[in-house]
1. Mind telling me which of the residues 127, 137, 142, 104 ends up being exposed (fewer than 14 other Cβ atoms within 10 Å of the Cβ), outside any strand (DSSP E or B), out of contact with any strand residue (DSSP E or B) (no Cβ under 6 Å at 6 or more places or on another chain) and in contact (Cβ under 8 Å) with a residue 12 or more places away in the chain?
2. Looking at the range 107-124 only, could you name the residues that are within 15 Å of the chain's Cα centre (by Cα) and part of a strand (DSSP E or B)?
3. Which one of these does residue 28 not meet: (1) buried (at least 19 other Cβ atoms within 10 Å of the Cβ); (2) modelled with pLDDT under 95; (3) more than 19 Å from residue 75 (Cβ to Cβ)?
4. Which one of the conditions (1) under 21 Å from residue 11 (Cα atoms); (2) in contact with a helix residue (DSSP H, G or I) (Cβ under 9 Å, 6 or more places away or on another chain) does residue 89 fail to meet, given that it meets all the rest?
(Lines give C-alpha, C1' and ligand atoms only; values in the text may rest on other atoms or scores of the structure.)
Protein backbone atom coordinates (compact mmCIF):
# COMPACT_ATOMS: atom_id res chain seq x y z
CA UNK A 1 0.00 0.00 0.00
CA UNK A 2 2.92 2.33 0.68
CA UNK A 3 3.74 2.54 -3.03
CA UNK A 4 0.18 3.66 -3.79
CA UNK A 5 0.48 6.53 -1.30
CA UNK A 6 3.77 7.51 -2.91
CA UNK A 7 2.22 7.35 -6.37
CA UNK A 8 -0.50 9.76 -5.27
CA UNK A 9 2.00 12.07 -3.59
CA UNK A 10 3.66 12.24 -7.00
CA UNK A 11 0.33 12.74 -8.79
CA UNK A 12 -0.58 15.71 -6.58
CA UNK A 13 2.91 17.21 -6.90
CA UNK A 14 2.90 16.79 -10.70
CA UNK A 15 -0.50 18.48 -10.99
CA UNK A 16 0.87 21.44 -9.02
CA UNK A 17 3.95 21.63 -11.26
CA UNK A 18 1.81 21.69 -14.40
CA UNK A 19 -0.48 24.32 -12.90
CA UNK A 20 2.49 26.55 -11.99
CA UNK A 21 3.88 26.30 -15.50
CA UNK A 22 0.57 27.04 -17.18
CA UNK A 23 0.03 30.02 -14.87
CA UNK A 24 3.53 31.33 -15.61
CA UNK A 25 2.77 31.18 -19.34
CA UNK A 26 -0.82 32.40 -19.05
CA UNK A 27 -0.50 35.43 -21.35
CA UNK A 28 0.53 33.01 -24.10
CA UNK A 29 -1.51 30.26 -22.48
CA UNK A 30 -1.36 27.04 -24.42
CA UNK A 31 -4.98 26.22 -25.11
CA UNK A 32 -4.22 22.61 -26.08
CA UNK A 33 -1.96 22.02 -23.05
CA UNK A 34 -4.68 23.41 -20.76
CA UNK A 35 -7.24 21.11 -22.42
CA UNK A 36 -5.10 18.06 -21.69
CA UNK A 37 -4.57 19.25 -18.12
CA UNK A 38 -8.29 19.92 -17.67
CA UNK A 39 -8.98 16.40 -18.90
CA UNK A 40 -6.66 14.91 -16.28
CA UNK A 41 -8.43 16.78 -13.49
CA UNK A 42 -11.93 16.07 -14.79
CA UNK A 43 -11.13 12.36 -15.15
CA UNK A 44 -9.76 12.32 -11.59
CA UNK A 45 -13.04 13.87 -10.43
CA UNK A 46 -15.11 11.32 -12.37
CA UNK A 47 -13.19 8.38 -10.90
CA UNK A 48 -13.33 9.86 -7.42
CA UNK A 49 -17.09 10.20 -7.75
CA UNK A 50 -17.39 6.60 -8.93
CA UNK A 51 -15.28 5.30 -6.05
CA UNK A 52 -17.56 7.19 -3.67
CA UNK A 53 -20.52 5.31 -5.15
CA UNK A 54 -22.06 8.40 -6.72
CA UNK A 55 -23.37 8.99 -10.22
CA UNK A 56 -20.70 10.52 -12.48
CA UNK A 57 -22.83 10.69 -15.63
CA UNK A 58 -23.25 14.48 -15.50
CA UNK A 59 -19.55 15.20 -14.98
CA UNK A 60 -17.50 16.16 -18.02
CA UNK A 61 -14.45 14.14 -18.95
CA UNK A 62 -13.20 16.61 -21.56
CA UNK A 63 -13.93 20.18 -20.49
CA UNK A 64 -12.08 23.34 -21.33
CA UNK A 65 -11.81 24.90 -17.88
CA UNK A 66 -9.74 27.90 -16.87
CA UNK A 67 -6.73 27.76 -14.59
CA UNK A 68 -8.65 29.06 -11.56
CA UNK A 69 -11.12 26.20 -11.91
CA UNK A 70 -8.21 23.80 -12.46
CA UNK A 71 -6.74 24.94 -9.18
CA UNK A 72 -10.04 24.36 -7.36
CA UNK A 73 -10.39 20.92 -8.91
CA UNK A 74 -6.83 20.00 -7.91
CA UNK A 75 -7.66 20.79 -4.28
CA UNK A 76 -10.99 18.92 -4.36
CA UNK A 77 -9.44 15.86 -6.00
CA UNK A 78 -6.47 15.81 -3.65
CA UNK A 79 -8.76 15.98 -0.64
CA UNK A 80 -10.95 13.17 -1.96
CA UNK A 81 -8.11 10.85 -2.92
CA UNK A 82 -6.28 11.54 0.35
CA UNK A 83 -9.39 10.46 2.23
CA UNK A 84 -9.73 7.29 0.15
CA UNK A 85 -6.05 6.44 0.57
CA UNK A 86 -6.18 7.06 4.32
CA UNK A 87 -8.85 4.33 4.52
CA UNK A 88 -7.05 1.94 2.15
CA UNK A 89 -6.08 -1.35 3.75
CA UNK A 90 -5.01 -4.88 2.89
CA UNK A 91 -8.63 -5.90 3.41
CA UNK A 92 -10.43 -3.32 1.28
CA UNK A 93 -8.02 -2.59 -1.57
CA UNK A 94 -9.56 -5.43 -3.56
CA UNK A 95 -13.11 -4.26 -2.91
CA UNK A 96 -15.09 -3.98 -6.12
CA UNK A 97 -16.44 -0.65 -7.26
CA UNK A 98 -19.53 -0.75 -9.44
CA UNK A 99 -19.82 2.13 -11.89
CA UNK A 100 -21.02 3.17 -15.32
CA UNK A 101 -18.65 4.54 -17.92
CA UNK A 102 -19.43 7.61 -20.03
CA UNK A 103 -21.39 5.40 -22.46
CA UNK A 104 -23.62 4.09 -19.65
CA UNK A 105 -22.03 0.62 -19.63
CA UNK A 106 -21.76 -0.98 -16.19
CA UNK A 107 -18.49 -2.34 -14.84
CA UNK A 108 -16.96 -3.75 -11.66
CA UNK A 109 -13.31 -2.97 -10.96
CA UNK A 110 -11.22 -3.33 -7.84
CA UNK A 111 -10.43 -0.19 -5.90
CA UNK A 112 -6.69 -0.73 -6.30
CA UNK A 113 -7.03 -1.14 -10.08
CA UNK A 114 -9.01 2.10 -10.33
CA UNK A 115 -6.48 3.97 -8.20
CA UNK A 116 -3.66 2.64 -10.36
CA UNK A 117 -5.52 3.59 -13.53
CA UNK A 118 -6.10 7.16 -12.34
CA UNK A 119 -2.43 7.67 -11.54
CA UNK A 120 -1.23 6.18 -14.85
CA UNK A 121 -3.87 8.01 -16.88
CA UNK A 122 -2.74 11.35 -15.50
CA UNK A 123 0.90 10.53 -16.13
CA UNK A 124 0.15 9.77 -19.77
CA UNK A 125 -1.71 13.03 -20.34
CA UNK A 126 0.86 15.13 -18.45
CA UNK A 127 3.27 13.87 -21.10
CA UNK A 128 0.91 15.27 -23.72
CA UNK A 129 0.85 18.60 -21.88
CA UNK A 130 4.65 18.69 -22.04
CA UNK A 131 4.68 17.75 -25.72
CA UNK A 132 2.26 20.58 -26.45
CA UNK A 133 4.27 23.10 -24.42
CA UNK A 134 7.43 22.17 -26.32
CA UNK A 135 5.61 22.41 -29.67
CA UNK A 136 4.64 25.96 -28.74
CA UNK A 137 8.19 26.93 -27.81
CA UNK A 138 7.78 26.66 -24.05
CA UNK A 139 9.87 24.68 -21.62
CA UNK A 140 8.33 21.32 -20.64
CA UNK A 141 7.69 20.69 -16.95
CA UNK A 142 10.02 18.32 -15.09
CA UNK A 143 7.48 15.92 -13.60
CA UNK A 144 9.34 12.63 -13.68
CA UNK A 145 8.96 10.56 -10.53
CA UNK A 146 12.70 10.76 -9.81
CA UNK A 147 12.49 14.57 -9.95
CA UNK A 148 9.70 14.40 -7.39
CA UNK A 149 11.83 12.13 -5.20
CA UNK A 150 14.81 14.48 -5.40
CA UNK A 151 12.65 17.47 -4.47
CA UNK A 152 10.82 15.70 -1.62
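1. 104
2. Within the range 107-124, no residue meets the criteria.
3. (1)
4. Tallying (1) under 21 Å from residue 11 (Cα atoms); (2) in contact with a helix residue (DSSP H, G or I) (Cβ under 9 Å, 6 or more places away or on another chain), residue 89 fails exactly one: (2).
For every residue, the table says whether it meets (1) closer than 23 Å to residue 93 by Cβ; (2) at pLDDT below 95; (3) in contact with a helix residue (DSSP H, G or I) (Cβ under 7 Å, 6 or more places away or on another chain); (4) not in a helix (DSSP H, G or I).
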{"site": "4", "(1), (2), (3), (4)": "yes, yes, yes, no"}
{"site": "8", "(1), (2), (3), (4)": "yes, no, yes, no"}
{"site": "23", "(1), (2), (3), (4)": "no, yes, yes, no"}
{"site": "32", "(1), (2), (3), (4)": "no, yes, yes, no"}
{"site": "41", "(1), (2), (3), (4)": "no, no, yes, no"}
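The values are calculated or read from the model by the stated rules, or taken from the named source; none is laboratory data. Bear in mind that the values here come from a model prediction, so they are computed numbers and not experimental data. Cβ sites come from the backbone with ideal geometry, for glycine too, and all protein chains shown count toward neighbours.
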